[in-house]
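Trainee: Supplied in structure tokens, the structure appears directly below.
The values are calculated or read from the model by the stated rules, or taken from the named source; none is laboratory data. Everything numeric in this text was worked out from a predicted model, so none of it was measured. Cβ coordinates were reconstructed from backbone atoms using ideal geometry, including for glycine residues, and neighbour counts include every protein chain displayed.
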Amino acid sequence: MARTNIQTLIKKKAENKKITALTAYDYPTATIVDEAGIDVVLVGDSLGVVVQGLENTLPVSMKDMLYHTRIVARAVKNAMVIGDMPFLSYQTGVGNAVRNAGRFLQAGAQAVKIEGGGNILPVIRELVNFDIPVMAHIGITPQSIHRYGGFRVQGRDEATAQKLMDEARQVEDAGAFSLILEGIPTGLGKRITESINIPTIGIGAGKYCDGQILVIQDLLGLFDRFVPKFVKRYANLKQESVSAIQAYIREVEEGAFPGDEQSYS
């Protein structure tokens, strides 16, 4: 099977076939996600929350992101790997943005993701000019949490909806190959998807986007500090893991483990 790339995603949109995407941050998880047949693996800065236990993504560093990107890229053979550019890795000047984005490609990613709309158009243009593919991200942008005063649905009134429509076209014109839409009304997700030629990947943006993405810990029920409305749990691995560990504790305490099958003669 040919590896998923930019042209694969563009073709899927043209043929009205849905794109599937998930996050991954470590080798075993990335291997499982890839073997399952996912199209895109995002090494998201969300690792700050679901892996490092932080309150938000702002403290996540380039060092963190490159470390996890290398691990994931080592595991993935079929999906497209995208590295998420963390806070202050692209806001401090176009030169720094190019340098940091290039480091993601050197770590094994095929593209980078950047949060923002009109404010990052020069960065998108310059990265694309240097052959660094860019996935844009508008709507709820977690790195802007303090500006929004929390994670609030965007685009509910016509003025902000029009702003997001404009930004979607702008990032497409700047050269982004795809666009994540996060935390916007379903109808607006549909309008944006129909108005641009690049694929839209939704997370809390309704069913009309060209594809969907979730955080893998949310999908598997491994993270429950908070659960956004747009999350659907397909398993409850946290509870299964707790039960398995409790069984292990019980057998050790009772002397049932290790048994003859786990012992050497």
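Trainee: Could you tell me which of the residues 265, 241 is surrounded by fewer than 18 Cβ atoms within 10 Å (Cβ to Cβ), in a helix (DSSP H, G or I) and over 18 Å from the mean Cα position of the chain (by Cα)?
Mentor: The unique qualifying residue is 241.
Trainee: Given the criteria among the β-branched types (Val, Ile, Thr), under 17 Å from the mean Cα position of the chain (by Cα) and buried (at least 21 other Cβ atoms within 10 Å of the Cβ), does residue 123 qualify? Don't jump to the end; show me each part of the working.
Mentor: Numbers: among the β-branched types (Val, Ile, Thr): yes; under 17 Å from the mean Cα position of the chain (by Cα): no; buried (at least 21 other Cβ atoms within 10 Å of the Cβ): yes.
Here the answer is no, as residue 123 does not meet what is asked.
Trainee: With the structure loaded, tell me whether residue 87 is more than 17 Å from residue 179 (Cα to Cα), part of a helix (DSSP H, G or I) and of a type in the set (Phe, Trp, Tyr) or whether it fails that test.
Mentor: For residue 87, the condition - more than 17 Å from residue 179 (Cα to Cα), part of a helix (DSSP H, G or I) and of a type in the set (Phe, Trp, Tyr) - is not met.
Trainee: Still on this structure, please answer the following. Of all residues being among the aromatic types (Phe, Trp, Tyr) and modelled with pLDDT of 95 or more in segment 224-244, which is farthest from residue 152 (Cα to Cα)? Just the residue, please.
Mentor: 234
Trainee: Scan 77, 12, 17 and give me the residue that is of a type in the set (D, E, K, R), part of a helix (DSSP H, G or I) and over 27 Å from residue 224 (Cβ atoms).
Mentor: Selected residue: 12, the only one of 77, 12, 17 that is of a type in the set (D, E, K, R), part of a helix (DSSP H, G or I) and over 27 Å from residue 224 (Cβ atoms).
Trainee: Go over the candidates 256, 247, 205 one by one and state the one that is part of a loop (DSSP other than H, G, I, E, B), at pLDDT 95 or above and not assigned by TED's automatic domain parsing to the domain that holds residue 180.
Mentor: That would be 256, the only listed residue that is part of a loop (DSSP other than H, G, I, E, B), at pLDDT 95 or above and not assigned by TED's automatic domain parsing to the domain that holds residue 180.
Trainee: So, residue 34, is that one surrounded by 16 or more Cβ atoms within 10 Å (Cβ to Cβ) and in contact with a Leu (Cβ under 8 Å, 6 or more places away or on another chain) or not?
Mentor: no
Trainee: I've got another one for you. Quick one: which of 86, 28 is under 22 Å from residue 123 (Cβ atoms), of a type outside the set (D, E, K, R) and at pLDDT 95 or above?
Mentor: The match here is 86.
Trainee: Please name all residue pairs, on different chains or six or more residues apart, with Cβ atoms under 6 Å, provided the first residue is in segment 1-25 and is within 30 Å of residue 221 (Cα to Cα) and loosely packed, with under 14 Cβ neighbours inside 10 Å and the second residue is of a type in the set (A, V, I, L, M) and at pLDDT 95 or above.
Mentor: Close Cβ pairs (under 6 Å, with a partner that is of a type in the set (A, V, I, L, M) and at pLDDT 95 or above) do not exist here.
Trainee: Filter segment 34-49 down to the residues that are in a strand (DSSP E or B) and touching a His at 6+ places or on another chain (Cβ under 9 Å) and list them by number. Outline the logic, then answer.
Mentor: Here is the first cut: in segment 34-49, the ones in a strand (DSSP E or B) are 40-43.
Passing the criteria: only 43.
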